[in-house]
Each structure stands twice: as C-alpha cells, then as structure tokens.
Amino acid sequence: MNRFIAVFKKFPRTFWTANTMELFERWAWYGIFAVFALYLTHDKASGALGFSQTEKGIIMGTGTFLLYLLPVLTGALADRYGFKKILLISFITLITGYMLLTQVSSFTGVFLVYLLIAIGGSMFKPVIGATIAKTTDEETSSIGFGLFYMIVNIGAFIGPLVAAKMRALDWNYVFIVSSAIIALNTILLLLFFKEPSTEAKGERFITEIKTIGKNILFVIRDWRFALFLIIIAGFWSVYFQLFYSLPVFIDQWMDTSIAYRAIESISPSIASAIGTAEGTINPEVLTNIDAFYIILLQVLISGLVMRFKPLRTMTGGILIMTVGILFMFAFKNPLFLFFSILLFGIGEMSTSPKVSEYIGRIAPKGKVALYMGCSYLPLAIGNLVAGFLSGTLFEHLADKSTLLQSYLDQHKDLLDGHEISISSTSDFNLIAEKMSLTPDQLTHLLWREEQPWKIGVLFAGIGVLAFIALLLYDRFVTIKKTDQA
C-alpha cells in the first residue's frame, strides 16, 4: 500500500489535469454519441430530425471513421506545434461543433457539423494519450495508464445518464451540456496544463507527412499485420452496433417499462434516478450497462486472461461478444439485455486490451510506436462498416416503419386498399387504430411476421466470420516466434 501511495505522489500536476480533461471529454462525447442515433432518426414531432436509418448510418459511420483515422496526422501536428496549442484548437472546434448541432437540421448541415466534431475529437485523442505517456515513467506507467482507462469509462458512463435527463427536457440541452463541459476543459487547459517536453523538429511539416505516409505503406506491406488489422476491423464493426443500432432497436421494439418495474421492485430510488417520468428507461441508459460492467469487471477480466496468449484471448473474446450481440437483438423483453450486454462486455474486455498487447509483441524492433499508431485503423474501418450495417441494412431488415410499410404492401386489404406512407410514431399509432389494434399489439404482430431480430443474426454472422478468421490466422499465419511469445 505504501508503494502504491508513493507512486501516486510521483504523478505531476499535468497528469491529473490530463485525466480530468479526459473524463470531461468522454462525458461530453458519449453524452452525444449514445443518443445520436435516436436524435437522427426519431420523428420531428419529438424535437429530433426524422432522418432515415440509411442517412443515420452515413453520418455516424463517415464522421466516426475520420475521428479514428485522423489522429495519425493530428498527432504529428501536436509534436510540431505543441500539445497545448492543439488541445486549445480541439476544444474550440468541439465547442463550436456541439453548439452548431442546436442550429442545423438538414442532412447536409448535420453531416458537415458531425465531421467538424470528428476533427476536433481527432486532435484531442492522440495528444491526451501522449500526455499520459510523457507524464509517467517505467515505475508509474502501469498504474498511470490503468487510472487513465478507468477515467475513460467513468466519463463514458456518466455522459449517457446525463444526456437521458437532458433530452427529456429538450434535445438541444444534450448538445449545450456537452459544449459547456468542453468549455470547462478549456479553463483547465489554460490554468493547469503544463506543456510536456517534446523533441525539437528539424524537418518541415510536409516532410513529416510524407514520412507518415511512407510508414503507413511500410505497415500495409506487412501482409500478416495488415490481415490482422482487417480481422479486428470486423470485431469493431460488430462492437459499434451497441451505439449505432441497439438504441434504435430498443426504442422501436422493446417495452422498457418492464425493466423499469423490475428495477423499481428492487430499489425505487434507482428506478427513479435512471428512469423517466413515464415509468420507462431510455435506450441510452440500457446500453450504458456496458460501461458499468467495464468499470466493475475490467480488472477482474484482465487478471483472468493475463495467463493466456493474446490471440487465443481475442478469439475467445470475439466469440463471447458474438453470442452477446445475437442475444441483444433476439428478444423483445429488455430484461434479457442485462445478460446479453454482460456477455458482450466480457467479450469486449477480453479482446480490446489484448489487441494493443499483441501489436506490441509482433512489431519489428524499432517499429513498435509505428505499429501501435496503426491500431486506430481497425477502429476507423470498423466504424465505416458499422455505419453501413446500421444504415441501409438495418433499414431494410429491422426498421419499424420500413417493416410496417412492407407488411401493409402485402396486406392492402387491411386498409381498404389505400396507399399510405409511414414516417412517424403518430402514423404508426393511426394505422394500429385503423387495424383495431393497440400500438403494442401491432408491434408484436410485426415482430412475429417481419422478424426484425434477424438483424442480430447478421451482426452475429460478421462476428462469427471474424472469430473463424482469427482462429485460422492463429493457426496458419502467425510467425512461429510470435506464436510462442
């Protein structure tokens, strides 16, 4: 214990400032990201935008793709011009982007603003990680990065809970709160952040960019590593359905009052704190169970899998996550989410940290930093694929309005042969009334007849492909010395 306290005392002020800024930035980001799919697709009568699932997928997939792709460039900018300057530009960009979300409502406007937010986030991400690295040493880095990862998940847990309360008042409050939190980060930056020591850069910036390009080409030519990155991109494309598809699926198909009453029977105060005035639980709160499990179990899971080789652990983790994603979409009863998200989270906690560990092991001598920097590429590709899966494919296989339209087209006699277009919840309720059904009864009918749960089979199928691919990769592709590492 004394050694643990001694390590804590060695962390400089900038380390704690960086962690606090990470907490606030993750709070702001996940406060929006957890509800963004709902904001984009809810009908306009609720104050949302009423976009299609395809439009949602394009916006979220492309923007978040850039968020994880650009750190290769923005990290170089920070090395040249200083961490503090790039962080200041990042915060100004994020504040502007979050506030602009309260002003735009067209597809083009929202798309461009989301790209702006992604650019701001891409400047923050590499700089804050590098700050943690530069403010720790061989003795303090293990505890330092452990604290950092814990802070990330605490911020990711708080954000959606606050956003759920804010959007009950007005959707714009979600964006205003996130903007205000980043403003706090700006104050912390100006008052308490001290520039970490950086190496002087002799070459021109354009020369650095060319060097980065050459380094990426060097990595891609390592076909074994490139193949590994593609397989892991499959894992991330499934993982991000937690944010892209599951909130919409819960909102459209599940009666969350069931979960509210179950929690209320155990603790009325908890039910009241996380629930709505109508006695339901918002989708972003239910998906946030994943972050809660990570905070609770990450250390335990990491301890359990530390004895296993990274590839074996990742393979098992992907399989467990695949079962979890299948169960998430298999049932209308939201109580199953507590178990399915647990499985999903165990798979995530087993796989994600091991990716970095494995990359560190297989990187050629002197190229570790380069290879670690490319660990963002699967996240970028995974988001791009996730956007497509949760957009066009979700719209055709699981979107409630689309499936109702399809059902009515096949049963024109139900509405006396009249053509009707479904675009909002009020339309859905009106059609239920015309069919002499309650909205819940019509939802159940569509669940039985149109089978929206098949979208979960699709996501799980991609998970199975990633599992098999990594299994074969472990068996036939890995270099012998790597396999024994």
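The values are calculated or read from the model by the stated rules, or taken from the named source; none is laboratory data. It should be emphasised that the depicted structure is a prediction, and the values quoted were computed from it without experimental measurement. No Cβ is skipped: glycine too gets one built from the backbone with ideal geometry, and neighbour counts run over all protein chains shown. Note: accessible area is taken over every heavy atom of the protein model, side chains too, but ligands, DNA and RNA are not part of it. Shrake-Rupley method; radii C 1.70, N 1.55, O 1.52, S 1.80 Å.
Quick notes on this structure:
- Unique residue being more than 28 Å from Ala48 (Cα to Cα) and either buried (at least 19 other Cβ atoms within 10 Å of the Cβ) or free of Cβ contacts under 8 Å to residues at least 40 places away in the same chain (or both) when the list is Gly275, Gly279, Gly324: Gly324
- The one condition in (1) assigned to a helix (DSSP H, G or I); (2) touching a helix residue (DSSP H, G or I) at 6+ places or on another chain (Cβ under 7 Å) that Ala262 fails to fulfil: (2)
- Breaking point among (1) open to solvent by 10 Å² or more (accessible area, probe 1.4 Å); (2) within 27 Å of Thr256 (Cα to Cα); (3) of a type outside the set (Lys, Arg), for Ala163: (1)
- Qualifying residue in segment 10-21 (condition: open to solvent by less than 40 Å² (accessible area, probe 1.4 Å), among the β-branched types (Val, Ile, Thr), part of a helix (DSSP H, G or I) and under 27 Å from Ile281 (Cα atoms)): no
- Looking at Phe243, Phe308, Phe235, just one residue is hydrophobic (A, V, I, L, M, F, W, C) and closer than 21 Å to Lys165 by Cα, and that residue is Phe243.
- Test: residue in segment 300-321 that is over 30 Å from Asp440 (Cβ atoms), among the small types (Gly, Ala, Ser) and surrounded by fewer than 18 Cβ atoms within 10 Å (Cβ to Cβ): yes
- Leading residue by the ranking (nearest to Val7 (Cα to Cα)) among those in segment 134-176 that are touching a Lys or Arg at 6+ places or on another chain (Cβ under 6 Å) and hydrophobic (A, V, I, L, M, F, W, C): Val152
- Subset of segment 329-371 [aromatic (Phe, Trp, Tyr) and in a loop (DSSP other than H, G, I, E, B)]: Phe329, Phe331
- Filtered by the rule that a residue be modelled with pLDDT under 95 and over 22 Å from Ile281 (Cβ atoms), segment 23-48 gives a lone residue, Lys44.
- Some residue of segment 8-24 being more than 21 Å from Ser178 (Cβ to Cβ) and of a type in the set (Gly, Ala, Ser): no
- The residue that is surrounded by the fewest Cβ atoms within 10 Å (Cβ to Cβ), counting only those in segment 350-387 that are at pLDDT 95 or above and more than 22 Å from Pro126 (Cα to Cα), is Val385.
- Scanning segment 284-299 for residues that are free of Cβ contacts under 8 Å to residues at least 60 places away in the same chain and either surrounded by 21 or more Cβ atoms within 10 Å (Cβ to Cβ) or not hydrophobic (A, V, I, L, M, F, W, C) (or both) yields Leu286, Asp290, Tyr293.
- Being more than 19 Å from Ser352 (Cβ to Cβ) and open to solvent by 20 Å² or more (accessible area, probe 1.4 Å) is not true of Phe148.
- Lys481, sole failed condition from (1) surrounded by fewer than 18 Cβ atoms within 10 Å (Cβ to Cβ); (2) at pLDDT 90 or above: (2)
- So Ile187, is it open to solvent by 40 Å² or more (accessible area, probe 1.4 Å), under 30 Å from Pro12 (Cβ atoms) and not in a loop (DSSP other than H, G, I, E, B): yes
- Residues of segment 257-267 satisfying the condition of being among the polar types (S, T, N, Q) and surrounded by 15 or more Cβ atoms within 10 Å (Cβ to Cβ): Ser257
- Any hit, segment 129-141, residues being free of Cβ contacts under 8 Å to residues at least 60 places away in the same chain, open to solvent by 10 Å² or more (accessible area, probe 1.4 Å), closer than 30 Å to Pro353 by Cβ and hydrophobic (A, V, I, L, M, F, W, C): yes
Listed here are the residues, each with its yes/no results for (1) in contact with a Leu (Cβ under 8 Å, 6 or more places away or on another chain); (2) surrounded by 15 or more Cβ atoms within 10 Å (Cβ to Cβ); (3) on the phi < 0 side of the Ramachandran plot.
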{"site": "Val219", "(1), (2), (3)": "yes, yes, yes"}
{"site": "Phe225", "(1), (2), (3)": "no, yes, yes"}
{"site": "Ser237", "(1), (2), (3)": "yes, yes, yes"}
{"site": "Phe249", "(1), (2), (3)": "no, yes, yes"}
{"site": "Asp255", "(1), (2), (3)": "no, yes, yes"}
{"site": "Ser269", "(1), (2), (3)": "no, no, yes"}
